[in-house]
Amino acid sequence: MKSHKAHWAMALGVSMVCGSSVLAAGPTAEQALQLQPIQENVNYQTPDANQIPKCNIGAEKVGEAAGWVVTGPNGERLRVFLDTNNDKKVDFWAYYKDGVEVYRDVDTDFNGKADQYRWLGMAGTRWGLDKDEDGLVDQWKMISAEEVSAELVEAAKTGDADRFAALLPTDAEFQSLGLTGERAQEVADKIDNGAEEFVIWARQQKLIDKGTKWVHFGATRPGIVPAGTEGVSKDLVVYENAIAMLDKAGEHSQLELGTLVRIGDAWRLIGAPAGDPGAADLASNPQGYFFSVSYSGNPAAGQAGMGVGGEIQEILTSLEELDQKMAQAASADQREKLAMDRIEVIKKVIAAANDDEMRENWIKQLADALSGGIQTGELSQGLGQLQSLADQVEKRAPKSDLAAYVRFREMSAGYTQQFQDPKADYAKIQEAWLAKLEGFIDTYPKSPDAAEAMMQLAIAHEFAGEEENAKKWYARIRTDFSGTVLGDKANGAIRRLDAVGKPFVIRGTTVDGKKLDSSGAKGSALLVHYWATWCEPCKEDMDVIRQMQAKYGARGFQVVGVSLDSSQADLKQFLTANRLAWPQLYEEGGLDSRYALEMGVLTLPTMILVGPDGKVISRSLHISQLDTELGKLIK
């Protein structure tokens, strides 16, 4: 790892004239081009020695920041060095290739040392955090599965346990997986022992040496371990038996990576590499943790959760062929026929399943396929089959989580289908639905789907203005499903419903890396706007917020946006195209992120208005009320 040369960083900082296009005693282009990224192996552009005299450097404003831009002989950007907080010191170092930014070092606490490293453009998606500012990545905020495999190979070259440990989930990330019981303990043990086992493995393995090159990542498509699977309380997106293809002195081999799980914007390993460390080909006998499927096997087998024999393999092949035909089907009639054919094939898999776990997983897939098809309209005649399946499972395994899983999907599909009737009596349908939800909870009070049923009841009562009934259900979720995402969300919803008249503070990091603490807004009226790029009413609200800023901003009106997007890339793309004059907070997780859970935000837009005394005036403000409320608060 490299480090910035301190005297160059200081030279760039001291000579800065913020907001000015005048270069006052600034560095030369040649000096600026001597700076290098902190992280190694960054593929950025540096001109040849004979081209450097033709390069230029100029002081510019880039957005709200000021700094230097280095351009090449043809005017293409090569470097951008910025002071983002107006303290006359550079805290942002960007490197370009062919005019496109590919890497940046960022000093977010403005102490002269970079603490974040980002790869951009065609260089990948990695976003590393360096908490102790020693030039080494301590945690990956964003990293793809492909990049995890490459990082693992680099760590193996030197047996670097710290570099490997950065690929494992943190304690908070592990908790967010929602694993329970023995499953949670098993995965926790894998993570806790991962770095130690990696050191032993790296010392013994013969596959990778310092000259080995990572070539590419290989895997079947990722699968979903559905909520309700034993020890799994929320859907997990998982790669099993993925491999890294390697080149060692012209000879190709492959490294079995073990299990990878997606957590927000990052993929994580859950343990040390799999296989015999002395083997020439570590993928010769892959065994998944959540699934068991060979790399060259059928993807559907992995989704089933079990290894398969010849008979089932043949059925799964026909299932994959149907999936391909459905993707190409042009008409609704074709899609419905193929969907029904697919249902019959899944039934054959269930009949041929040779153990209980495999059979249960496929029954869930059948319930999901029927429920999904009914709700999208693809399976107009599927409800009878789903009701029959729910009855059969309840008869064989009464009050089981599997029976609850199928019954809840049958109820949800029937509810949705009723609303598709143009003559539907919506009030009666809703009344019957709430009664069904209560009946389901009485029958399956501890099943994972009971939490969802309670949440739907709570939301329905809240929207109907029956807040005490809503809080009753939120409180039950909080108690019965403590430690789950829905439990946390219900706790936040109670906090939101009781917020009026109470102090409110929101803290976090904005999308441009700045710390925000709304307690500094005391004395001003503050609007907190929860939104997402996919929410059209949210974006319409922004036009009114701009108008209110123009009208009241000089008299003490402040705004904080809180994006609940699942994709930070979508958010940044929107903000690039739509400049907003107020700060935007973001944390990964979307509607399950920390910000959403803290206040139980269930629908968007949600707006909280805080008075100059720091206490909540309204916790469900409508945009049409904003001007009136601000008129009362701001004289």
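The values are calculated or read from the model by the stated rules, or taken from the named source; none is laboratory data. Everything numeric in this text was worked out from a predicted model, so none of it was measured. Here the Cβ positions follow ideal geometry from the backbone for every residue, glycine too, while neighbour counts run over all protein chains shown.
Numbers at a glance
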| read-out | value |
| --- | --- |
| Matching residues in the range 123-150 - criterion: being in contact with a Phe, Trp or Tyr (Cβ under 8 Å, 6 or more places away or on another chain), within 22 Å of ASP171 (Cβ to Cβ) and not in a loop (DSSP other than H, G, I, E, B) | TRP127, GLY128, LEU129, TRP140, LYS141, MET142, ILE143, ALA145, VAL148 |
| Residue that is nearest to GLN558 (Cα to Cα), among those in the range 469-521 that are of a type in the set (D, E, K, R), in contact (Cβ under 8 Å) with a residue 60 or more places away in the chain and surrounded by 15 or more Cβ atoms within 10 Å (Cβ to Cβ) | ASP512 |
| 3 or more residues modelled with pLDDT under 85 and of a type in the set (Val, Ile, Thr): qualifying strands (runs of 3 or more DSSP E) within the range 211-263 | none |
| Qualifying position, being of a type in the set (A, V, I, L, M) and within 16 Å of THR533 (Cα to Cα), among LEU621, LEU575, LEU597, LEU609 | LEU575 |
| Out of LYS347, LYS364, sole residue that is part of a helix (DSSP H, G or I), within 29 Å of the chain's Cα centre (by Cα) and basic (Lys, Arg) | LYS364 |
| Search result, residues across the range 386-408 that are farther than 15 Å from SER371 by Cα, free of Cβ contacts under 8 Å to residues at least 60 places away in the same chain and surrounded by 17 or more Cβ atoms within 10 Å (Cβ to Cβ) | VAL393, GLU394 |
| Matching residues, the range 71-90, being over 16 Å from ASP105 (Cα atoms) and either buried (at least 20 other Cβ atoms within 10 Å of the Cβ) or not charged (D, E, K, R) (or both) | THR71, GLY72, PRO73, ASN74, GLY75, ASN86 |
| Selected residue (only one of ALA155, ALA114 is in contact (Cβ under 8 Å) with a residue 12 or more places away in the chain, assigned to a helix (DSSP H, G or I) and among the small types (Gly, Ala, Ser)) | ALA155 |
| Candidates ALA596, ALA577, filtered to the one that is of a type outside the set (Val, Ile, Thr) and surrounded by fewer than 17 Cβ atoms within 10 Å (Cβ to Cβ) | ALA577 |
| Failed criterion for GLY159 (all others in (1) buried (at least 17 other Cβ atoms within 10 Å of the Cβ); (2) closer than 19 Å to ALA195 by Cα hold) | (1) |
| Every residue from the range 545-573 that is in a helix (DSSP H, G or I) and surrounded by 15 or more Cβ atoms within 10 Å (Cβ to Cβ) | ILE545, ARG546, MET548, GLN549, TYR552, GLY553, GLN568, LEU571, LYS572 |
| Residue in the range 165-198 that is surrounded by the most Cβ atoms within 10 Å (Cβ to Cβ), counting only those that are touching a residue at least 60 places away in the same chain (Cβ under 8 Å) and not in a helix (DSSP H, G or I) | LEU167 |
| Checking ASP105 against (1) in contact (Cβ under 8 Å) with a residue 40 or more places away in the chain; (2) touching a helix residue (DSSP H, G or I) at 6+ places or on another chain (Cβ under 6 Å), the condition it does not meet | (2) |
| Test for LEU597: is it in a helix (DSSP H, G or I), under 22 Å from the mean Cα position of the chain (by Cα), in contact (Cβ under 8 Å) with a residue 24 or more places away in the chain and within 30 Å of GLU452 (Cα to Cα) | yes |
| Conditions (1) among the acidic types (Asp, Glu); (2) more than 21 Å from VAL232 (Cα to Cα); (3) under 30 Å from the mean Cα position of the chain (by Cα): number failed by GLU336 | (3) |
